[in-house]
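Undergrad: Okay, handing you the structure first.
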Amino acid sequence: QVQVVQSGGGLVQPGGSLRLSCRASGMITSTFTAYAKNWYRQAPGKQRELVASIPTTGTIYYTDSVKGRFTITRDNSKKAVYLQMNSLKPEDTAVYYCNVEGVESYWGQGTQVTVSS
């Protein structure tokens, strides 16, 4: 029984910072460690976009629009993944989704992030 729970969204002014959290409740630690950890976002009228990823192998990925501003990290002991978002822009406004994926794929409920002046 696995449930992916997100928190940390909200309203922030341009240039501000926000930290998203995601915890894979009920997941075996070894499974969480082995699976890829991803953050997606979807803005109104746009396709879902991969924002950042910690793959099972290889290097951490960021989409070009957030590179240098966002940082994805994980804590295996807590079965948690985080997205630190700095220097936020209105274009970052979207619903952000946490995804933990391997043999199976698990999704968080989504968290609204709104950047407005």
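The values are calculated or read from the model by the stated rules, or taken from the named source; none is laboratory data. None of the values given here were measured: they were computed from a predicted structure. When we count neighbours, we look across all protein chains shown, and the Cβ atoms used for this are built from the backbone with ideal geometry, even at glycine. Accessible surface is based on the protein model in full, side chains and every heavy atom, while ligands, DNA and RNA are left aside. Shrake-Rupley method; radii C 1.70, N 1.55, O 1.52, S 1.80 Å.
Undergrad: Quick check on my filter: what residues within segment 60-85 are polar (S, T, N, Q) and touching a residue at least 40 places away in the same chain (Cβ under 8 Å)? Don't jump to the end; show me each part of the working.
TA: From segment 60-85, those polar (S, T, N, Q) are 63, 65, 71, 73, 76-77, 84; that's our starting set.
Passing the criteria: ASN76, SER77, GLN84.
Undergrad: For GLU91, all conditions in the list (1) modelled with pLDDT of 95 or more; (2) not in a helix (DSSP H, G or I); (3) not β-branched (Val, Ile, Thr) hold save one; what is the number of the exception?
TA: Looking at each condition in turn, GLU91 falls short on (2).
Undergrad: Just give me the residues in segment 1-46 being charged (D, E, K, R) and touching a strand residue (DSSP E or B) at 6+ places or on another chain (Cβ under 7 Å), in sequence order.
TA: The answer is ARG19, ARG23, LYS37, ARG41.
Undergrad: Under 7 Å between Cβ atoms, which residue pairs at least 6 apart in sequence (or on different chains) link something in segment 86-106 that is closer than 21 Å to ARG23 by Cα with a partner that is open to solvent by 70 Å² or more (accessible area, probe 1.4 Å)?
TA: Here the result reads ALA94/GLN42; VAL95/GLN42; VAL95/GLN112; TYR97/TRP107; ASN99/TRP107; GLY102/THR56, each pair linking segment 86-106 to a residue that is open to solvent by 70 Å² or more (accessible area, probe 1.4 Å).
Undergrad: Provide a single number: the residues in segment 97-117 that are in a loop (DSSP other than H, G, I, E, B) and either more than 10 Å from the chain's Cα centre (by Cα) or modelled with pLDDT under 95 (or both).
TA: 6
Undergrad: Go through PHE70, PHE32 for me and flag whichever is aromatic (Phe, Trp, Tyr) and closer than 21 Å to VAL2 by Cβ.
TA: Being aromatic (Phe, Trp, Tyr) and closer than 21 Å to VAL2 by Cβ holds for just one of PHE70, PHE32, which is PHE32.
Undergrad: Kindly state which strands (runs of 3 or more DSSP E) lie completely within segment 1-87 and contain at least 1 residues that are closer than 16 Å to CYS98 by Cα, open to solvent by 70 Å² or more (accessible area, probe 1.4 Å) and basic (Lys, Arg).
TA: 18-25, 70-75
Undergrad: Go through segment 88-99 and give me each residue that's among the acidic types (Asp, Glu) and open to solvent by 60 Å² or more (accessible area, probe 1.4 Å).
TA: Result: GLU91, single match.
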